[in-house]
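Have a look at the structure below, then the notes.
The values are calculated or read from the model by the stated rules, or taken from the named source; none is laboratory data. Being a predicted model, the structure only gives us computed values, none of them experimental. For neighbour counting, all protein chains shown are included, and Cβ atoms are generated from backbone atoms with ideal geometry for every residue, glycine included. When the accessible area is computed, the model is the full protein with side chains, heavy atoms only, and any ligands, DNA or RNA have been set aside. Shrake-Rupley method; radii C 1.70, N 1.55, O 1.52, S 1.80 Å.
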Amino acid sequence: MTTSTAPRSTASQSTASQVAKSVRLALVIGGLLAIGFGIAVLLWPAKTAVAITGVLAFYAIVAGVVYISIGLLAKSHGTGSRVGHVLLGLLWVIAGAYAFASLQQSAAFLAVFVTVMIGVMWIIEGFTALFTLGESGAKGVTIVFAIISVLAGVSLLSTPVWGAGFLWWLLGISLIVLGALNVFRAMSGRGSR
């Protein structure tokens, strides 16, 4: 009985070691990619935004083709479902094609749109925190959070172009810092084993 548990124990240690190596490798690769993307965001903000818009436009076209294909080929779907899929697919393709035709303008619109949406969400989050004040154990912290959230949201809405630039800059720095931390975690994990 002891001889059969020893090989199984060694095999599970080997499997655990392989999983740990895979996790460390994923952390290193993900961290290096995040650092690279963060540097690109900070050094070439406009080009990176245009590249991301291009990827989103390509995704929109592919998604549109998939929806159109479903609408045309899914014989088990009803007529309304098939027509809906084709129309949705056409909208995706048109949106993607328009974005490709004017990548810089689409990138600028996307940046301002996302900034406005974040501003609105921060305002709603602040008011939601105030509405749940009675349920909060830390009323002072909740009030401070709500005020900061509403003010941050209003500032993004009042200057969305500046807000978009600030959020883009913050994204680049965050990617570099978090990527470096992931690489450090992976390297320090190797030394501790």
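Can you confirm whether region 154-173 contains a residue that is touching a Ser or Thr at 6+ places or on another chain (Cβ under 7 Å), touching a residue at least 40 places away in the same chain (Cβ under 8 Å), open to solvent by 50 Å² or more (accessible area, probe 1.4 Å) and more than 30 Å from SER17 (Cβ to Cβ)? No: region 154-173 contains no residue that is touching a Ser or Thr at 6+ places or on another chain (Cβ under 7 Å), touching a residue at least 40 places away in the same chain (Cβ under 8 Å), open to solvent by 50 Å² or more (accessible area, probe 1.4 Å) and more than 30 Å from SER17 (Cβ to Cβ). The number of residues in region 37-85 that are open to solvent by less than 70 Å² (accessible area, probe 1.4 Å), over 30 Å from ALA108 (Cβ atoms) and either hydrophobic (A, V, I, L, M, F, W, C) or outside any loop (DSSP other than H, G, I, E, B) (or both) comes to 9.
Within region 140-184, the residues that satisfy the criterion of being of a type in the set (S, T, N, Q) and assigned to a helix (DSSP H, G or I) are THR142, SER149, SER155, SER158, SER174, ASN182.
Of the residues making up region 81-94, none is small (Gly, Ala, Ser), under 30 Å from PHE166 (Cβ atoms), out of contact with any strand residue (DSSP E or B) (no Cβ under 6 Å at 6 or more places or on another chain) and free of Cβ contacts under 8 Å to residues at least 60 places away in the same chain.
Could you tell me whether region 144-152 includes any residue that is closer than 24 Å to GLY38 by Cα and buried (at least 16 other Cβ atoms within 10 Å of the Cβ)? Full working, then the answer.
Let us first name the residues in region 144-152 that are closer than 24 Å to GLY38 by Cα, namely 152.
Pick out the ones that are also buried (at least 16 other Cβ atoms within 10 Å of the Cβ) and you get 152.
Checked region 144-152: at least one residue is closer than 24 Å to GLY38 by Cα and buried (at least 16 other Cβ atoms within 10 Å of the Cβ).
When region 98-112 is limited to residues that are in a helix (DSSP H, G or I), small (Gly, Ala, Ser) and open to solvent by less than 50 Å² (accessible area, probe 1.4 Å), the one that is nearest to GLY163 (Cα to Cα) turns out to be ALA111.
The condition of being free of Cβ contacts under 8 Å to residues at least 12 places away in the same chain and within 19 Å of the chain's Cα centre (by Cα) does not hold for ALA57.
Among the residues of region 174-191, which ones are among the polar types (S, T, N, Q) and surrounded by 19 or more Cβ atoms within 10 Å (Cβ to Cβ)? Steps first, answer last, please.
Here is the first cut: in region 174-191, the residues among the polar types (S, T, N, Q) are 174, 182, 188.
Scanning region 174-191 gives a single hit, ASN182.
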